[in-house]
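Chemist: Right, I'll just put the structure down here and ask away after.
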Amino acid sequence: MAWVHGPGVRADLSARRQGETTAAVWTRFDAVSRALASYLGTTFRSDKAVVPRKPVPQWLDGEEIHFSSIHTWERHPRHEALRRIGAAARPDWPLSLEATLIQTLRDYEAVRIPMVVGSPRESPTKTRNPARGFMTLSQPLVIALCDVGRLRWGACDFGAAESGDIMHFDLGSDTPVS
């Protein structure tokens, strides 16, 4: 979020607050998704929806990920990525262009893992492309399911310890079926 809005602004993907409307929750999550896409889009292409490879293992070891370890169809050329970072970076952005490039590589690999396509695993072989953000549900759809259909939204309605599945909607154990 700091990439888009400046220092001190944090991504807020927390559970729904008491009295918070579905529209407000969707707007909060969508802002984070758009900020993620803006940040990762400086280095990575967003034209492909799926990344069909395991994450680069170096990011787990705290070692630098080498730009060449990411497929060329998946990323912009190095000079283009550095140009895009320079054009998009806020004046108060604290990292150099090179440091931001390395950080986007690490962040992209880290964010990919929970975006798994198929069965969850530590090192998935196929993930959604985080350079596209993570919100694919429209606000009218989410409002219809939650406010009209009275469904719980997995992104925010399961409590602080259990929320997170943005594509999950259910009646919940305490919601009577009518």
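The values are calculated or read from the model by the stated rules, or taken from the named source; none is laboratory data. Since this is a predicted model, take the numbers as computed values, not measurements. All Cβ positions, even for glycine, are placed from backbone atoms using ideal geometry, and neighbour counts span all protein chains on display.
Chemist: Give 114, 94 a once-over and let me know the one that is out of contact with any Leu (no Cβ under 9 Å at 6 or more places or on another chain) and surrounded by 13 or more Cβ atoms within 10 Å (Cβ to Cβ).
Modeler: Numbers: 94 fails: surrounded by 13 or more Cβ atoms within 10 Å (Cβ to Cβ).
Residue meeting the stated conditions: 114.
Chemist: When you scan segment 136-155, do you find a residue that is assigned to a helix (DSSP H, G or I), within 15 Å of the chain's Cα centre (by Cα) and closer than 25 Å to residue 53 by Cα, even just one? Give the steps one after another, and end with the answer.
Modeler: Initial filter on segment 136-155 (assigned to a helix (DSSP H, G or I)): 139-148.
So of that shortlist, the ones also within 15 Å of the chain's Cα centre (by Cα) come out as none.
No: segment 136-155 contains no residue that is assigned to a helix (DSSP H, G or I), within 15 Å of the chain's Cα centre (by Cα) and closer than 25 Å to residue 53 by Cα.
Chemist: Right, next: Would you check if there is a residue in segment 121-144 being among the hydrophobic types (A, V, I, L, M, F, W, C), in contact with an Asp or Glu (Cβ under 6 Å, 6 or more places away or on another chain) and surrounded by 12 or more Cβ atoms within 10 Å (Cβ to Cβ)?
Modeler: yes
Chemist: Among the residues of segment 66-84, is any out of contact with any Leu (no Cβ under 9 Å at 6 or more places or on another chain), modelled with pLDDT under 90, in a helix (DSSP H, G or I) and within 24 Å of residue 11 (Cβ to Cβ)?
Modeler: For segment 66-84, residues out of contact with any Leu (no Cβ under 9 Å at 6 or more places or on another chain), modelled with pLDDT under 90, in a helix (DSSP H, G or I) and within 24 Å of residue 11 (Cβ to Cβ): absent.
Chemist: Please work out which residue is farthest from residue 17 (Cα to Cα), limiting yourself to segment 150-167 and to residues that are modelled with pLDDT of 90 or more and touching a Phe, Trp or Tyr at 6+ places or on another chain (Cβ under 8 Å).
Modeler: Result: 151.
Chemist: Going residue by residue through segment 94-101, is there one that turns out to be touching a residue at least 60 places away in the same chain (Cβ under 8 Å) and more than 25 Å from residue 54 (Cβ to Cβ)?
Modeler: Kept after step one, since they are touching a residue at least 60 places away in the same chain (Cβ under 8 Å), are these residues of segment 94-101: 94.
Retained after the next criterion (residues that are more than 25 Å from residue 54 (Cβ to Cβ)): 94.
Checking segment 94-101: at least one residue is touching a residue at least 60 places away in the same chain (Cβ under 8 Å) and more than 25 Å from residue 54 (Cβ to Cβ).
Chemist: Oh, and also: Kindly provide the set of residues from segment 102-114 that are under 14 Å from residue 78 (Cβ atoms) and touching a residue at least 60 places away in the same chain (Cβ under 8 Å), ordered by number.
Modeler: Within segment 102-114, the subset under 14 Å from residue 78 (Cβ atoms) is 102, 104-105.
Once the filter is applied, which keeps residues that are under 14 Å from residue 78 (Cβ atoms) and touching a residue at least 60 places away in the same chain (Cβ under 8 Å), segment 102-114 yields 104, 105.
Chemist: List pairs: first in segment 20-38 and surrounded by fewer than 14 Cβ atoms within 10 Å (Cβ to Cβ), second in a helix (DSSP H, G or I) and of a type in the set (A, V, I, L, M, F, W, C), Cβ under 9 Å, 6+ apart or cross-chain?
Modeler: Matching pairs, first to second residue: 21/143.
Chemist: So which pairs qualify, if the first residue must be in segment 145-158 and under 7 Å from residue 15 (Cα atoms), the second must be in a loop (DSSP other than H, G, I, E, B) and not aromatic (Phe, Trp, Tyr), the Cβ gap must be under 7 Å, and the two must be at least 6 apart or on different chains?
Modeler: Correct list of pairs: 156/15; 156/16; 156/163; 157/16; 157/163.
Chemist: Considering only residues that are surrounded by 12 or more Cβ atoms within 10 Å (Cβ to Cβ) and farther than 26 Å from residue 111 by Cα, which ones fall in segment 145-163? Steps first, please.
Modeler: The initial filter retains those residues of segment 145-163 that are surrounded by 12 or more Cβ atoms within 10 Å (Cβ to Cβ), namely 145-147, 150-158, 163.
Answer for segment 145-163, where residues must be surrounded by 12 or more Cβ atoms within 10 Å (Cβ to Cβ) and farther than 26 Å from residue 111 by Cα: 145, 146, 147, 150, 151.
Chemist: Test of understanding: among 165, 170, which residue is among the acidic types (Asp, Glu) and either more than 21 Å from residue 49 (Cβ to Cβ) or touching a residue at least 12 places away in the same chain (Cβ under 8 Å) (or both)? Let's see the steps before the verdict.
Modeler: Details: 165 fails: either more than 21 Å from residue 49 (Cβ to Cβ) or touching a residue at least 12 places away in the same chain (Cβ under 8 Å) (or both).
The conditions single out 170.
Chemist: Looking at segment 18-52 only, could you name the residues that are over 16 Å from residue 142 (Cβ atoms), part of a loop (DSSP other than H, G, I, E, B), out of contact with any Asp or Glu (no Cβ under 8 Å at 6 or more places or on another chain) and of a type outside the set (A, V, I, L, M, F, W, C)?
Modeler: If the condition is that a residue be over 16 Å from residue 142 (Cβ atoms), part of a loop (DSSP other than H, G, I, E, B), out of contact with any Asp or Glu (no Cβ under 8 Å at 6 or more places or on another chain) and of a type outside the set (A, V, I, L, M, F, W, C), then 18, 19, 41, 42, 43, 46, 47, 52 are the ones that fit.
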